[in-house]
Amino acid sequence: MGYISKRAIIRGVASESAVILGCSEVGEETFLDEFVCIGYPRREKLLRSSRMLKELDELSSGAKIGSGCIIRSHTVIYEDVEIGDRVETGHHVLIREGSRIGSDSRIGSYAKLDGRVEVGSRVSIQSGAYLPHLTIVEDEVFIGPGVIVTNDPYPVSRRLLGVRIARGAIIGAGAVILAGVEIGERAVVGAGAIVTRSIPAGMVAYGCPARIMMTRDEYDERRRIHEEADS
Amino acid sequence: MGYISKRAIIRGVASESAVILGCSEVGEETFLDEFVCIGYPRREKLLRSSRMLKELDELSSGAKIGSGCIIRSHTVIYEDVEIGDRVETGHHVLIREGSRIGSDSRIGSYAKLDGRVEVGSRVSIQSGAYLPHLTIVEDEVFIGPGVIVTNDPYPVSRRLLGVRIARGAIIGAGAVILAGVEIGERAVVGAGAIVTRSIPAGMVAYGCPARIMMTRDEYDERRRIHEEADS
Amino acid sequence: MGYISKRAIIRGVASESAVILGCSEVGEETFLDEFVCIGYPRREKLLRSSRMLKELDELSSGAKIGSGCIIRSHTVIYEDVEIGDRVETGHHVLIREGSRIGSDSRIGSYAKLDGRVEVGSRVSIQSGAYLPHLTIVEDEVFIGPGVIVTNDPYPVSRRLLGVRIARGAIIGAGAVILAGVEIGERAVVGAGAIVTRSIPAGMVAYGCPARIMMTRDEYDERRRIHEEADS
């Protein structure tokens, strides 16, 4: 049990049960925890293979994971994924082929990057968030637990429209963001909101459907008051 | 590590870490991936057993999985489940005892069929969808990511009412469907909708609570325009 | 593959693939299923360690699990967790450091107790529910599938406010509960509700945002009528 490809370059620590396929590269001090799969082959390759481990290994292009990362247990990272330095995943995370994650980002347990998803640096994606193919998440974004992003305005259509979440935006827990929407820089989406239109930079929206309720500056002021109430 | 019951008939390929219990039958070219459990015993059996693997194996009635299926990593399929041909699961899927899945259907990562759930053929269930005991999903239905179906109008009651999702219906991401509701043929539920009443065949509903907003024909026309905007 | 710490005291049954760290204590007739991790070290310890299994084992304070429990496959339980007797988890459950669970409670598949969460006795937490740091769940509470509880009124702030769900309360599927809210004794939250304010004891609220719609007594009467309609 456990398997490390002869083509893989593991500079960090892999658990005995880890399955690492293809010419995966894993940086120094990076930890691949129990029951993880790294370099998992995309569907097309899997379908045309014998599904024997040796062949899956040969077919896999591998994943690249930087240094100082923690890839926690039961996480699956597909081939052609690139992950920067000091990135951490929770447990049971799934990152599909073609995704990129910048340095110092954290991907919560059960979160799924489902296709080619671009995640910037210092991003926090909380537990169970779902980001489909074509989603773009810029630097320093916060995505709360259970957020669902979509990419098809009229499922099941042949034309997908990715959601862009710009730098410094905050998405509250359980929000649903419809396909093609743009969340502007430093914009805030409240918990449970259904976002059907783009939110301009620096604005705060919530409700079902989400409406603009205040500015980010007002939000930051309320946050400051909230934080001071403690002392 | 890994275990294949002597009673199991595996015509496809099982990973070394797969745990396969009881008289499970797995068809040709079907792939049982790393860290999967097949033929998992129902609660009543588990409670009265010693929980030793050998005994769990003896107690399990096994699962039946057709040919050409892909059961991806960390998936758990209970005993008394029947799965058709060319079905694929994502990673971390859970299918409880008594469920049936028709051919050519796909069950997304983290999706859960929680009890006796009937799923037709050519159905697409996206990531994280939750379908409880008594749910019926007919052929060619699309269920978006994070959809939650319920089965108890007054939890915790002694009388469950299953949801029926009729042929060709489309359920948008993150929708919540209340117990006993019927989603008619080719009906569409928008993303994030809370569905408190049945939706007639061929109608499109969304909102909280969901209201009928247009016909499926209008929806299909909008989809056509959306798809053509690309070219 | 599989690992049991020399410091661990296992009075029940552990699968061969289970990874059990630190001075974990597991009671009689408790079952640790395939691909589980018990006594998982908190982040601070992981970061300063070599990530070698032996060292993780030495660093872990272990988890305490009572007797007659079932910890189903792919579940991760952190160190410094205390679990009573006859508790069951579903599959792919995650319980973080510092959490406490009383006896006879059940934690559904994919549910996450994300930090120090207090759960009483005879509690039912359904699949995929998310309970963050500081959440308190009293005895005999029912939390439906996909419920999201939050703890930060202005993410990302430095002052978290836990949610308290008092004895006998019922939270419907897919509800989102905002930080600092108190759900009173025997209160009911409807499926899909966004709960922005505290719900008094014995009241029923639903909608987006949730409003009080009836009393628990009326709810119980409706449930009684619903249950009798069957016979």
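Nothing in this text is a laboratory measurement; each read-out follows from the coordinates by a stated rule. Small disclaimer: the values here were computed from a predicted structure and weren't measured. Glycine also receives a Cβ, built like all others from the backbone with ideal geometry; neighbour counts cover every protein chain displayed.
Scoring B:33-39, A:66-72 by mean Cβ neighbours within 10 Å over their residues and listing the highest first yields B:33-39, A:66-72.
Against chain B, whose longest principal axis is taken from its Cα atoms, helix B:216-228 shows a tilt of about 90°. With the label put 7 angstrom out from Cα along the Cα-to-Cβ vector, B:Arg222 ends up 3.0, 3.0 nm from the copy partners, going from closest to farthest.
Sorted largest first, the principal axis extents computed over the alpha-carbon atoms of the range B:75-211 equal 37, 32, 21 Å. Using 0.36 nm per residue and subtracting the Cα-Cα separation, the extra length available between A:Asp220 and A:Met52 on full extension is 55.1 nm.
When +1 charges are put on Lys and Arg Cβ atoms and -1 charges on Asp and Glu Cβ atoms, the dipole computed for the range C:1-71 relative to its Cα centre reaches about 440 debye.
Take every pair of alpha-carbon atoms less than 8 Å apart whose residues are at least six positions apart; their mean separation over the length of the range B:1-125 yields a relative contact order of 19 percent. Note on C:Lys6: lysines with a C-alpha under 26 Å away, same-chain residues under 8 apart excluded, are B:Lys54, C:Lys45, C:Lys54, C:Lys64. Take each residue of peptide C:62-69, count the partner chain Cβ atoms within 10 Å of its Cβ, and average: the result is 0. Rounded to the nearest whole Hz, the Karplus-based 3J(HN,Hα) values (6.51 cos²θ - 1.76 cosθ + 1.60, θ = phi - 60°) of the range C:154-171 follow the sequence 9, x, 9, 9, 8, 10, 8, 10, x, 8, 10, 10, 7, 2, x, 6, 10, 10, with x at glycine and proline.
Close amide H pairs (under 5 Å, H built 1.01 Å from N) link C:Glu25 with C:Ile9, C:Ala63, C:Lys64, C:Ile65, residues at least 5 positions away or on another chain. With Cα atoms defining each centre, the range C:9-86 and the range C:165-203 are spaced 32 Å apart in the structure.
Above 31 Å lies some portion of the pair distances; for chain B, what is it as a whole percent of all C-alpha pairs?
Above the 31 Å cut-off, chain B has 27 percent of its Cα pairs.
Taking the Cβ of C:Val87 as the center, what net charge do the other residues with Cβ under 9 Å away carry, scoring Lys and Arg +1 and Asp and Glu -1?
-1
The range A:153-231 gives an Rg/Rh value of 1.07, both radii derived from C-alpha positions and Rh following Kirkwood.
Using Cα-Cα distances under 8 Å and only pairs 6 or more residues apart, what relative contact order does chain C have, in percent?
The normalised contact order for chain C reaches 9 percent.
The mean number of Cβ atoms from other chains found within 10 Å of a Cβ in peptide C:117-130 is 3, as a whole number.
Here the ratio of the Cα radius of gyration of the range B:20-153 to 2.2 N^0.38 Å is 0.99. Projecting the Cα atoms of A:Gly162, A:Ala191, A:Tyr219 onto the charge dipole of the range A:123-231 (Cβ charges, centred on the Cα centre) puts A:Gly162 farthest toward the positive pole. If you build the convex hull over the alpha carbons only and average its shadow over all orientations, what do you get for the protein assembly as shown? Give it in nm² to one decimal. One quarter of the hull surface, i.e. the mean projection, equals 27.1 nm².
Taking amide H atoms as placed 1.01 Å from N in the peptide plane, the amide H of C:Val76 lies under 5 Å from those of C:Cys37, C:Val93, C:Leu94, C:Ile95, each 5 or more residues away in sequence or on another chain.
A simple rule links phi to the HN-Hα coupling: the Karplus curve 6.51 cos²θ - 1.76 cosθ + 1.60 with θ = phi - 60°, which for the range C:60-75 gives 6, 7, x, 10, 10, 10, x, 9, x, 8, 10, 10, 6, 4, 6, 8 Hz, with x for Gly and Pro.
Radius of gyration (Cα atoms) of the range B:34-108, expressed as a multiple of 2.2 N^0.38 Å: 1.09.
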